[in-house]
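Every number in this text was worked out from the coordinates using simple rules, so none of it is lab data. The structure presented is a predicted model; accordingly, all values stated were derived computationally and were not measured. Cβ: placed from backbone, ideal geometry, glycine included. Neighbour counts: every protein chain shown.
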Amino acid sequence: MADQPGSRPLGSPGEPRPKGASLRWGALSPGGLFLLLLLAACTSSVPSTATSPGSSPSTSLSGSLAIFAASPLRAAFDKVTAAFVTSHPGVHVSAPTYQGSQALATAIQQGAPADVFASADAANMSELTGAGYVVTGTAQTFARNALEIVVKAGNPKGIQSLSDLSRQGVAVVLGDPSRVPAGTFGAQALARAHVTVQPAFVEPSVTGILTRVQAGTADAGIVYQSDVVSGGSSVTGVAIPAGQNVVASYSIAALKNPVNAAGAQAFVEFVMSNQGQAILRSSGFLPPTP
């Protein structure tokens, strides 16, 4: 998985940072966090792609657009953003900034420039809404995502269930509940299965979890189904039964005081459109409603 603008490699102190993992925002000062996000929003863009035959791209919108999206949305939102630019060629879309939902919500409250926020849970969106950062009436659920155990391709440790994650000799990587919704939901799933796990690694993003499994430094982790899809042939997913699983609701909204208010609203509408929803389905996400 190639690094994307707006993120940096992640690693534990004293070890090489694995490719594709996310930056530890918590290690930055508020000023440093703001500057990094500002640079991410201003230095990259998603190029416009050719318009398909018979389509009628809109030329009524223009200007720049900055999108903050949770890490599990990376693969899907790269496609969504490219399709949006095709439909609105006058809009210059900064490459989405992908990090944990908590980190992005904190950055927005610290003044980082963003027009749209897409969260991997409802809690962080509710926090921003309550603090007055969200345009009234724009926050809505646009997708859902179920949990899945991720293992290296071929499943060398023979992981078949959550209970296998507690086996001796199985190195498990989990999300940090204080920094990423996947960590909270993963802990809930383990509690439902009555399984206690002592993780070998704790990561602040699902990108970090996936990267450790792909690299072989961890044998298994708990991520979303969409992450297993984006991991391609390098990983395998092990289903978690419905009675133990936790389905996350993803929410999106236009933010107040944006650089491009009209563009932000148009992007939210595009994500909710048939075209946007089709891209999300193909990336492993579930519809907004059951």
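Data for the structure
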{"item": "Over the range 146-247, equivalent-ellipsoid semi-axes from the Cα gyration tensor in Å", "result": "17, 15, 14"}
{"item": "FRET efficiency estimate (nearest 0.05) - Cβ-Cβ, Gln109 to Thr196, R0 51 angstrom", "result": "0.90"}
{"item": "Per-residue ³J(HN,Hα) for the range 201-218, Karplus 6.51 cos²θ - 1.76 cosθ + 1.60, θ = phi - 60°, Hz, x for Gly and Pro", "result": "9, 10, 10, x, 7, 5, 4, x, 4, 4, 4, 5, 5, 4, 7, x, 7, 10"}
{"item": "Gain upon complete extension [Ser234, Asn155; 0.36 nm per residue less C-alpha separation]", "result": "27.4 nm"}
{"item": "Relative contact order %, the range 221-290, counting alpha carbon pairs below 8 Å whose residues are six or more apart", "result": "38"}
{"item": "Rounded to the nearest 20 debye, dipole of the range 141-193 from Cβ charges on Lys, Arg, Asp, Glu", "result": "20"}
{"item": "Built amide H within the under 5 Å cut-off of Val246, gap 5+", "result": "Leu147"}
{"item": "For the range 146-247, size of Cβ-based charge dipole, Lys and Arg +1, Asp and Glu -1, in debye", "result": "100"}
{"item": "Fully extended contour minus Cα-Cα distance, from Ser126 to Lys256, at 0.36 nm per residue", "result": "45.4 nm"}
